[in-house]
Amino acid sequence: MNTRKLFLSMVMIFGVSSFSYAYTTTELMNGIALGAILFTLVVIGIVCLVLLKTFKMMADMLLPKEVIAVAPIVSSEFILEPSKPKLTLWEKLLSLRPMSEEKDLIMEHEYDGIVELDNPTPAWFMWLFYGTIIFAFVYLLNYHVFKLGKLQDEEYVVEMKQADVAKKAFLAKSANRVDENSVKLTTDAEVLKAGSALFIQNCVACHGDHAQGIVGPNLTDEYWLHGSKIGDLFKTIKYGVPDKGMISWEKQLSPKQISEVANYIKSLKDTHPANPKAPQGDKET
């Protein structure tokens, strides 16, 4: 009973694993490979159970047992011969013969008093043997002939590309979570280039094409109306200054874009554009 329960548990685990994997992966060949591996593990488990049962049966047959002699029933007309024992399922599966037929299985040759029985190879062992040959043949065609599946080095390259895409997506998502409290000052060329494009597109009408100041203040000197730190600039751009005519850019620009513009403005310090507007605000160093 315990053997059957263990076998059924292994089959259920194999089925559930194969089902869940088939619906969570998009790579068919990897799914086939995993299914083959799980199937092989189940077969190995079955083989182990069969071997355990075989050893138990051999022990039962080889260990001495109390034999009760029963006199044959003799009739005046005929003698009743004992019927052949009925084979169990395990004996059929293992191709075992009863001990009473041992004398019929002895092979002709012997050496030093040792004889050999002509027992056939169990059917389950032959199935396992042929199964390994089929598996090896399919594996060879799949990975080395038709190259439908990916070898380990190819899988590594593909997974690294996928990881790089996931990394870029994560960084892009993280960049849009920045605010005036977490924004960082940077001199990265790509960030400044993006900030310059956004400044030209949205800010030149009030601050000039070189940030020298028109309606808005000069952004290249040391005088600031609302603070010169990167967080101050981010906050000013994000919320605007409605009292002085500067609109809020929170809805037009993403947090990442506001950060790029703020860093670009910080990079303009001491660029000394032509015709700068007179200083406004407090001097900060």
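The values are calculated or read from the model by the stated rules, or taken from the named source; none is laboratory data. Everything numeric here is computed off the predicted structure, so don't read it as measured data. Glycine gets a Cβ as well: all are built from the backbone with ideal geometry, and neighbour counts include every protein chain shown.
Annotations for the structure displayed:
- Breaking point among (1) over 28 Å from Ala274 (Cβ atoms); (2) of a type in the set (Val, Ile, Thr); (3) surrounded by 15 or more Cβ atoms within 10 Å (Cβ to Cβ), for Val191: (1)
Each row is one residue, and each column tells you yes or no for (1) at pLDDT 70 or above; (2) more than 25 Å from Glu155 (Cβ to Cβ); (3) surrounded by 10 or more Cβ atoms within 10 Å (Cβ to Cβ).
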{"residue": "Gly15", "(1), (2), (3)": "no, yes, yes"}
{"residue": "Gly31", "(1), (2), (3)": "yes, no, yes"}
{"residue": "Leu41", "(1), (2), (3)": "yes, no, yes"}
{"residue": "Ser76", "(1), (2), (3)": "no, yes, no"}
{"residue": "Glu81", "(1), (2), (3)": "no, yes, no"}
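- For Ser174, the conditions (1) closer than 30 Å to Ala33 by Cα; (2) of a type in the set (Ser, Thr, Tyr); (3) in a helix (DSSP H, G or I) all hold with the exception of (1).
- Residues in the stretch 247-268 that are under 14 Å from Phe199 (Cβ atoms) and not in a helix (DSSP H, G or I): Trp249, Gln252, Leu253, Leu268.
- Criterion applied to Glu284, Glu260 was being surrounded by 14 or more Cβ atoms within 10 Å (Cβ to Cβ) and among the acidic types (Asp, Glu), and the one residue passing it is Glu260.
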